[in-house]
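To keep things clear, I will list the structure first and then write my remarks on it.
The values are calculated or read from the model by the stated rules, or taken from the named source; none is laboratory data. Worth saying up front: this structure is predicted, and the values here are computed from it rather than measured. Backbone-built Cβ (ideal geometry, glycine too); neighbour counts: all protein chains shown. Areas reflect the complete protein model, heavy atoms only, side chains present, ligands, DNA and RNA absent. Shrake-Rupley method; radii C 1.70, N 1.55, O 1.52, S 1.80 Å.
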Amino acid sequence: MIILDGKKTSQEIRNEIAEEVKTLVKKGGKTPHLAAVLVGNNGASVTYVNAKVKDCEEVGFKSTLVKLSETISEKELLEEVDKLNKDEDVDGFIVQLPLPKHIDEQKVIMAIDPAKDVDGFHPQNLGRMALNLPTYLPATPMGIMDLLDRYNIETGGKHCVVVGRSHIVGLPASILMGRNHYPGNATVTLTHSRTTNLKELLKDADIIIAALGKPDFITGDMVKDGVVVIDVGTTRVVDKTKKSGYKLKGDVEFEGVSKKASYITPVPGGVGPMTRVSLLKNTLMAARSKM
Ligand code: NAP
(Lines give C-alpha, C1' and ligand atoms only; values in the text may rest on other atoms or scores of the structure.)
Protein backbone atom coordinates (compact mmCIF):
# COMPACT_ATOMS: atom_id res chain seq x y z
CA MET A 1 0.00 0.00 0.00
CA ILE A 2 1.29 3.41 -0.98
CA ILE A 3 0.20 6.61 0.75
CA LEU A 4 -0.77 9.36 -1.67
CA ASP A 5 1.08 12.12 0.11
CA GLY A 6 -0.76 15.34 -0.64
CA LYS A 7 1.46 17.39 1.63
CA LYS A 8 4.66 16.42 -0.17
CA THR A 9 3.12 16.56 -3.66
CA SER A 10 1.53 19.95 -3.07
CA GLN A 11 4.86 21.29 -1.80
CA GLU A 12 6.51 20.14 -5.03
CA ILE A 13 3.84 21.97 -7.04
CA ARG A 14 4.22 25.07 -4.85
CA ASN A 15 7.95 25.11 -5.52
CA GLU A 16 7.28 24.86 -9.25
CA ILE A 17 4.79 27.74 -9.05
CA ALA A 18 7.24 29.90 -7.08
CA GLU A 19 9.88 29.29 -9.77
CA GLU A 20 7.41 30.15 -12.52
CA VAL A 21 6.46 33.39 -10.80
CA LYS A 22 10.12 34.42 -10.67
CA THR A 23 10.52 33.67 -14.40
CA LEU A 24 7.28 35.44 -15.27
CA VAL A 25 8.27 38.60 -13.42
CA LYS A 26 11.81 38.49 -14.85
CA LYS A 27 10.30 38.43 -18.34
CA GLY A 28 8.36 41.60 -17.53
CA GLY A 29 5.08 39.92 -16.63
CA LYS A 30 3.03 41.05 -13.68
CA THR A 31 3.04 39.47 -10.24
CA PRO A 32 -0.03 37.20 -10.04
CA HIS A 33 -2.67 38.76 -7.82
CA LEU A 34 -5.41 36.80 -6.05
CA ALA A 35 -8.22 38.52 -4.15
CA ALA A 36 -10.41 36.72 -1.65
CA VAL A 37 -13.78 37.98 -0.45
CA LEU A 38 -14.79 36.98 3.05
CA VAL A 39 -18.30 37.72 4.26
CA GLY A 40 -18.80 37.51 8.03
CA ASN A 41 -16.76 35.66 10.63
CA ASN A 42 -17.53 31.97 10.13
CA GLY A 43 -14.63 30.20 11.90
CA ALA A 44 -13.85 27.68 9.14
CA SER A 45 -14.15 30.31 6.39
CA VAL A 46 -11.77 32.68 8.22
CA THR A 47 -9.24 29.82 8.58
CA TYR A 48 -9.53 28.86 4.90
CA VAL A 49 -9.21 32.42 3.62
CA ASN A 50 -6.22 33.18 5.85
CA ALA A 51 -4.55 30.01 4.59
CA LYS A 52 -5.17 31.11 0.99
CA VAL A 53 -3.57 34.50 1.65
CA LYS A 54 -0.58 32.84 3.34
CA ASP A 55 -0.21 30.45 0.38
CA CYS A 56 -0.07 33.43 -2.00
CA GLU A 57 2.75 35.04 -0.01
CA GLU A 58 4.69 31.79 0.03
CA VAL A 59 4.82 31.51 -3.77
CA GLY A 60 5.37 35.23 -4.42
CA PHE A 61 1.83 36.24 -5.42
CA LYS A 62 0.16 39.45 -4.39
CA SER A 63 -3.03 38.94 -2.40
CA THR A 64 -5.90 41.10 -1.24
CA LEU A 65 -8.39 40.15 1.42
CA VAL A 66 -11.75 41.90 1.13
CA LYS A 67 -13.51 41.54 4.48
CA LEU A 68 -17.21 42.31 4.45
CA SER A 69 -19.83 42.41 7.18
CA GLU A 70 -22.16 39.45 7.79
CA THR A 71 -25.06 41.87 7.25
CA ILE A 72 -23.97 43.07 3.80
CA SER A 73 -26.87 43.01 1.34
CA GLU A 74 -26.80 40.87 -1.80
CA LYS A 75 -26.78 44.03 -3.91
CA GLU A 76 -23.75 45.43 -2.07
CA LEU A 77 -21.89 42.14 -2.42
CA LEU A 78 -22.64 42.07 -6.14
CA GLU A 79 -21.19 45.57 -6.37
CA GLU A 80 -17.98 44.34 -4.69
CA VAL A 81 -17.82 41.49 -7.20
CA ASP A 82 -18.23 43.98 -10.01
CA LYS A 83 -15.36 46.09 -8.65
CA LEU A 84 -13.09 43.05 -8.63
CA ASN A 85 -14.22 42.11 -12.14
CA LYS A 86 -13.12 45.57 -13.30
CA ASP A 87 -9.90 45.82 -11.26
CA GLU A 88 -7.18 45.30 -13.83
CA ASP A 89 -4.55 44.41 -11.27
CA VAL A 90 -6.59 41.49 -9.88
CA ASP A 91 -5.99 38.37 -11.98
CA GLY A 92 -8.44 36.16 -10.19
CA PHE A 93 -10.66 36.18 -7.13
CA ILE A 94 -12.77 33.93 -5.00
CA VAL A 95 -15.83 34.55 -2.87
CA GLN A 96 -15.48 32.25 0.14
CA LEU A 97 -18.51 30.01 0.57
CA PRO A 98 -20.84 29.51 2.35
CA LEU A 99 -22.44 32.95 2.24
CA PRO A 100 -25.01 34.15 4.80
CA LYS A 101 -28.50 32.75 4.14
CA HIS A 102 -29.96 36.05 2.87
CA ILE A 103 -27.56 35.98 -0.11
CA ASP A 104 -28.15 33.83 -3.18
CA GLU A 105 -24.81 32.06 -3.70
CA GLN A 106 -25.57 31.06 -7.26
CA LYS A 107 -26.31 34.68 -8.18
CA VAL A 108 -22.96 35.74 -6.76
CA ILE A 109 -21.08 32.97 -8.58
CA MET A 110 -22.81 33.93 -11.84
CA ALA A 111 -21.71 37.56 -11.35
CA ILE A 112 -18.01 36.67 -11.30
CA ASP A 113 -16.22 37.28 -14.60
CA PRO A 114 -15.49 33.71 -15.84
CA ALA A 115 -11.98 34.89 -16.81
CA LYS A 116 -11.30 35.66 -13.13
CA ASP A 117 -13.23 32.73 -11.63
CA VAL A 118 -10.23 30.89 -10.20
CA ASP A 119 -12.52 28.70 -8.08
CA GLY A 120 -13.90 27.32 -11.36
CA PHE A 121 -17.49 27.46 -10.08
CA HIS A 122 -19.00 29.62 -12.84
CA PRO A 123 -21.30 27.59 -15.14
CA GLN A 124 -19.25 28.71 -18.14
CA ASN A 125 -16.10 27.22 -16.63
CA LEU A 126 -17.89 24.03 -15.55
CA GLY A 127 -19.20 23.71 -19.12
CA ARG A 128 -15.73 24.22 -20.56
CA MET A 129 -14.43 21.57 -18.18
CA ALA A 130 -17.07 19.10 -19.35
CA LEU A 131 -16.10 19.79 -22.97
CA ASN A 132 -12.39 19.29 -22.21
CA LEU A 133 -11.58 22.91 -23.13
CA PRO A 134 -8.90 24.90 -21.29
CA THR A 135 -10.41 26.41 -18.14
CA TYR A 136 -10.06 26.82 -14.40
CA LEU A 137 -10.85 23.47 -12.82
CA PRO A 138 -12.51 23.47 -9.39
CA ALA A 139 -9.74 23.20 -6.79
CA THR A 140 -10.55 19.91 -5.07
CA PRO A 141 -11.20 17.81 -8.20
CA MET A 142 -8.10 19.35 -9.80
CA GLY A 143 -6.07 18.40 -6.73
CA ILE A 144 -7.35 14.83 -7.00
CA MET A 145 -6.39 14.64 -10.70
CA ASP A 146 -2.92 16.02 -9.95
CA LEU A 147 -2.40 13.47 -7.21
CA LEU A 148 -3.38 10.59 -9.52
CA ASP A 149 -1.13 12.05 -12.22
CA ARG A 150 1.92 12.62 -10.02
CA TYR A 151 1.72 9.04 -8.75
CA ASN A 152 1.20 7.75 -12.32
CA ILE A 153 -1.91 5.87 -11.34
CA GLU A 154 -3.60 4.11 -14.24
CA THR A 155 -7.20 5.32 -14.62
CA GLY A 156 -8.09 4.31 -18.20
CA GLY A 157 -10.77 1.64 -18.32
CA LYS A 158 -10.99 1.47 -14.54
CA HIS A 159 -14.28 1.56 -12.70
CA CYS A 160 -14.32 4.74 -10.64
CA VAL A 161 -17.06 5.14 -8.04
CA VAL A 162 -17.56 8.70 -6.81
CA VAL A 163 -19.56 8.99 -3.60
CA GLY A 164 -21.26 12.38 -3.30
CA ARG A 165 -22.47 14.70 -6.06
CA SER A 166 -21.75 18.19 -4.69
CA HIS A 167 -21.13 20.90 -7.29
CA ILE A 168 -17.66 21.55 -5.88
CA VAL A 169 -16.33 18.00 -5.50
CA GLY A 170 -18.29 14.89 -6.50
CA LEU A 171 -19.95 16.07 -9.70
CA PRO A 172 -16.89 17.74 -11.26
CA ALA A 173 -14.64 14.87 -10.12
CA SER A 174 -16.96 12.42 -11.90
CA ILE A 175 -16.80 14.50 -15.09
CA LEU A 176 -13.01 14.71 -14.98
CA MET A 177 -12.62 10.98 -14.39
CA GLY A 178 -14.82 10.27 -17.40
CA ARG A 179 -13.15 12.68 -19.84
CA ASN A 180 -11.11 11.42 -22.78
CA HIS A 181 -7.91 12.54 -21.11
CA TYR A 182 -5.40 11.33 -18.53
CA PRO A 183 -6.25 11.16 -15.65
CA GLY A 184 -9.66 10.07 -16.83
CA ASN A 185 -11.00 7.61 -19.35
CA ALA A 186 -12.50 5.75 -16.42
CA THR A 187 -15.94 4.20 -16.40
CA VAL A 188 -17.60 6.37 -13.80
CA THR A 189 -20.46 5.72 -11.43
CA LEU A 190 -21.66 8.83 -9.59
CA THR A 191 -23.45 7.90 -6.38
CA HIS A 192 -25.42 9.89 -3.80
CA SER A 193 -27.81 9.48 -0.90
CA ARG A 194 -30.50 7.93 -3.13
CA THR A 195 -28.18 5.23 -4.49
CA THR A 196 -29.63 1.90 -3.42
CA ASN A 197 -26.74 -0.46 -4.24
CA LEU A 198 -23.75 1.52 -2.97
CA LYS A 199 -22.14 -1.46 -1.23
CA GLU A 200 -22.26 -3.52 -4.41
CA LEU A 201 -20.82 -0.65 -6.46
CA LEU A 202 -18.02 0.03 -3.99
CA LYS A 203 -17.05 -3.62 -3.95
CA ASP A 204 -16.62 -3.48 -7.74
CA ALA A 205 -14.68 -0.18 -7.75
CA ASP A 206 -11.06 0.06 -8.88
CA ILE A 207 -10.95 3.70 -7.79
CA ILE A 208 -13.10 5.27 -5.06
CA ILE A 209 -13.47 9.02 -4.60
CA ALA A 210 -15.29 9.51 -1.30
CA ALA A 211 -16.82 12.96 -0.79
CA LEU A 212 -19.90 12.62 1.36
CA GLY A 213 -18.82 14.10 4.69
CA LYS A 214 -19.61 11.09 6.89
CA PRO A 215 -16.61 10.04 9.02
CA ASP A 216 -15.43 6.42 8.60
CA PHE A 217 -18.39 5.66 6.29
CA ILE A 218 -16.42 3.36 3.96
CA THR A 219 -14.96 0.37 5.79
CA GLY A 220 -12.54 -2.41 4.81
CA ASP A 221 -15.25 -4.98 4.15
CA MET A 222 -16.83 -2.67 1.52
CA VAL A 223 -13.84 -2.50 -0.85
CA LYS A 224 -11.88 -4.92 -3.00
CA ASP A 225 -8.17 -5.72 -2.87
CA GLY A 226 -5.96 -3.28 -4.78
CA VAL A 227 -8.47 -0.43 -4.79
CA VAL A 228 -7.21 3.17 -5.15
CA VAL A 229 -8.87 5.33 -2.50
CA ILE A 230 -9.18 9.11 -2.56
CA ASP A 231 -10.71 10.33 0.68
CA VAL A 232 -12.02 13.88 0.34
CA GLY A 233 -14.00 13.94 3.59
CA THR A 234 -12.90 16.30 6.32
CA THR A 235 -15.26 16.27 9.26
CA ARG A 236 -14.26 17.91 12.52
CA VAL A 237 -14.73 15.46 15.40
CA VAL A 238 -14.11 16.25 19.06
CA ASP A 239 -10.64 15.31 20.26
CA LYS A 240 -9.71 16.66 23.68
CA THR A 241 -6.06 15.65 23.20
CA LYS A 242 -5.70 18.27 20.45
CA LYS A 243 -5.05 21.94 21.21
CA SER A 244 -7.86 22.92 18.84
CA GLY A 245 -10.25 20.50 20.59
CA TYR A 246 -10.96 18.59 17.38
CA LYS A 247 -9.38 16.43 14.73
CA LEU A 248 -10.19 15.93 11.07
CA LYS A 249 -11.76 12.63 10.01
CA GLY A 250 -12.12 11.32 6.50
CA ASP A 251 -15.04 9.43 4.97
CA VAL A 252 -12.90 6.30 4.84
CA GLU A 253 -12.04 4.12 7.82
CA PHE A 254 -8.30 4.27 7.18
CA GLU A 255 -7.19 1.37 9.39
CA GLY A 256 -9.36 -1.23 7.64
CA VAL A 257 -9.38 0.13 4.08
CA SER A 258 -5.62 0.79 3.89
CA LYS A 259 -5.00 -2.95 4.44
CA LYS A 260 -6.68 -3.67 1.10
CA ALA A 261 -5.84 -0.54 -0.89
CA SER A 262 -2.98 -0.20 -3.39
CA TYR A 263 -2.98 3.58 -2.92
CA ILE A 264 -4.79 5.69 -0.35
CA THR A 265 -4.88 9.33 0.73
CA PRO A 266 -4.57 10.11 4.43
CA VAL A 267 -6.76 12.66 6.22
CA PRO A 268 -5.30 15.12 6.94
CA GLY A 269 -2.43 15.42 4.48
CA GLY A 270 -4.09 14.03 1.35
CA VAL A 271 -6.63 15.95 -0.72
CA GLY A 272 -6.68 19.05 1.55
CA PRO A 273 -3.21 20.42 0.68
CA MET A 274 -3.78 19.54 -2.99
CA THR A 275 -6.94 21.67 -2.96
CA ARG A 276 -5.01 24.63 -1.59
CA VAL A 277 -2.31 24.47 -4.23
CA SER A 278 -4.87 24.15 -7.05
CA LEU A 279 -6.15 27.65 -6.36
CA LEU A 280 -2.59 28.91 -6.82
CA LYS A 281 -2.33 27.02 -10.11
CA ASN A 282 -5.50 28.68 -11.37
CA THR A 283 -4.31 32.13 -10.28
CA LEU A 284 -1.01 31.64 -12.10
CA MET A 285 -2.96 30.57 -15.19
CA ALA A 286 -5.08 33.74 -14.93
CA ALA A 287 -1.99 35.95 -14.69
CA ARG A 288 -0.29 34.18 -17.59
CA SER A 289 -3.31 34.62 -19.82
CA LYS A 290 -2.62 38.36 -19.67
CA MET A 291 0.92 38.08 -20.99
P1 NAP B 1 -21.91 18.01 0.42
O2 NAP B 1 -22.36 19.21 -0.32
O3 NAP B 1 -21.93 17.99 1.90
O4 NAP B 1 -22.74 16.77 -0.16
C5 NAP B 1 -22.57 15.48 0.28
C6 NAP B 1 -22.89 14.52 -0.82
O7 NAP B 1 -22.81 13.21 -0.29
C8 NAP B 1 -24.31 14.69 -1.39
O9 NAP B 1 -24.28 14.56 -2.78
C10 NAP B 1 -25.07 13.55 -0.74
O11 NAP B 1 -26.13 13.04 -1.55
C12 NAP B 1 -24.00 12.49 -0.61
N13 NAP B 1 -24.29 11.54 0.45
C14 NAP B 1 -24.68 11.80 1.72
N15 NAP B 1 -24.89 10.66 2.38
C16 NAP B 1 -24.66 9.66 1.50
C17 NAP B 1 -24.74 8.25 1.58
N18 NAP B 1 -25.09 7.64 2.71
N19 NAP B 1 -24.42 7.51 0.49
C20 NAP B 1 -24.04 8.13 -0.67
N21 NAP B 1 -23.97 9.46 -0.80
C22 NAP B 1 -24.27 10.22 0.27
O23 NAP B 1 -20.44 17.57 -0.09
P24 NAP B 1 -19.07 18.34 -0.22
O25 NAP B 1 -19.23 19.79 0.00
O26 NAP B 1 -18.49 17.81 -1.46
O27 NAP B 1 -18.25 17.76 1.04
C28 NAP B 1 -18.04 16.39 1.25
C29 NAP B 1 -16.91 16.22 2.25
O30 NAP B 1 -15.70 16.67 1.65
C31 NAP B 1 -17.05 17.03 3.53
O32 NAP B 1 -16.48 16.31 4.59
C33 NAP B 1 -16.22 18.26 3.24
O34 NAP B 1 -15.73 18.87 4.44
C35 NAP B 1 -15.10 17.65 2.46
N36 NAP B 1 -14.37 18.56 1.58
C37 NAP B 1 -13.02 18.50 1.63
C38 NAP B 1 -12.27 19.28 0.78
C39 NAP B 1 -10.79 19.16 0.82
O40 NAP B 1 -10.11 19.98 0.24
N41 NAP B 1 -10.24 18.14 1.46
C42 NAP B 1 -12.89 20.16 -0.11
C43 NAP B 1 -14.29 20.20 -0.15
C44 NAP B 1 -15.02 19.37 0.69
P45 NAP B 1 -27.41 13.93 -1.99
O46 NAP B 1 -26.94 14.82 -3.09
O47 NAP B 1 -28.40 12.94 -2.42
O48 NAP B 1 -27.81 14.72 -0.77
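Miscellaneous remarks
- Relative contact order, whole percent, for the chain stands at 21, derived from Cα pairs under 8 Å and 6 or more residues apart.
- Neighbours of L68 by Cβ distance under 12 Å: Lys/Arg scored +1, Asp/Glu scored -1, total -3.
- Charge dipole of the chain (Cα centre as origin; +1 on each Lys and Arg Cβ, -1 on each Asp and Glu Cβ, all else neutral): 340 debye, rounded to the nearest 20.
- Counting only aspartates and glutamates at least 8 places from K86 when in the same chain, those with an alpha carbon closer than 14 Å to its own are D113, D117.
- Rounded, prolate or oblate (a/c below 1.5 giving rounded, otherwise prolate when a/b exceeds b/c) for segment 232-281 by Cα gyration tensor: oblate
- Kirkwood radius and radius of gyration were both taken over the C-alpha atoms of segment 88-220, and their ratio Rg/Rh is 1.00.
- Space enclosed by the convex hull of the alpha-carbon atoms of segment 139-185, per residue, Å³: 60
- Projecting the Cα atoms of G256, A51, A139 onto the charge dipole of the chain (Cβ charges, centred on the Cα centre) puts G256 farthest toward the positive pole.
- Within-15-Å neighbourhood charge of L212 [Cβ basis; K, R +1; D, E -1]: +1
- Between helix 139-150 and the chain: long-axis angle, C-alpha atoms, 0 to 90°, nearest 10: 60
- For the chain, the solvent-accessible area works out to 48 Å² per residue, with a probe of 1.4 Å and every protein chain left in place.
- Stretchable slack from K30 to S73, in nm (0.36 nm times residue separation minus alpha-carbon distance): 12.1 nm
- Square roots of 5 times each gyration tensor eigenvalue, C-alpha, segment 196-291, largest first, Å: 28, 20, 11
- Of the residues T241, T219, the one with the largest accessible area comes first in the ranking T241, T219, computed with a 1.4 Å probe on protein heavy atoms.
- Gyration tensor (alpha-carbon) shape descriptor, segment 30-92, a/c threshold 1.5: oblate
- Take every pair of alpha-carbon atoms less than 8 Å apart whose residues are at least six positions apart; their mean separation over the length of segment 173-291 yields a relative contact order of 20 percent.
- If R0 is 35 Å, the Cβ-Cβ spacing of Y151 and N197 corresponds to a FRET efficiency of close to 0.75.
- Distant alpha-carbon pairs in the chain (separation over 25 angstrom), percent: 49
- Amide H contacts for Y136 (H built 1.01 Å from N in the peptide plane; partners 5 or more residues away or on another chain; cut-off under 5 Å): none found.
- The label point for I3 and the one for D225, both projected 7 Å from the Cα toward the Cβ, are 2.5 nm apart.
- Cα gyration tensor category, rounded, prolate or oblate, for segment 1-70 with a/c compared to 1.5: oblate
- Value of [θ]222 nm, deg cm²/dmol, for the chain, DSSP H segments ≥ 4, -39500 (n - 2.57) each, nearest 500: -12500 deg cm²/dmol
- Amide H to amide H distances under 5 Å link V118 with F93, where only residues 5 or more positions off or on other chains count and H is placed in the peptide plane.
- Part-to-part distance (alpha-carbon centres) for segment 13-53 and segment 235-290, which is given in Å: 19
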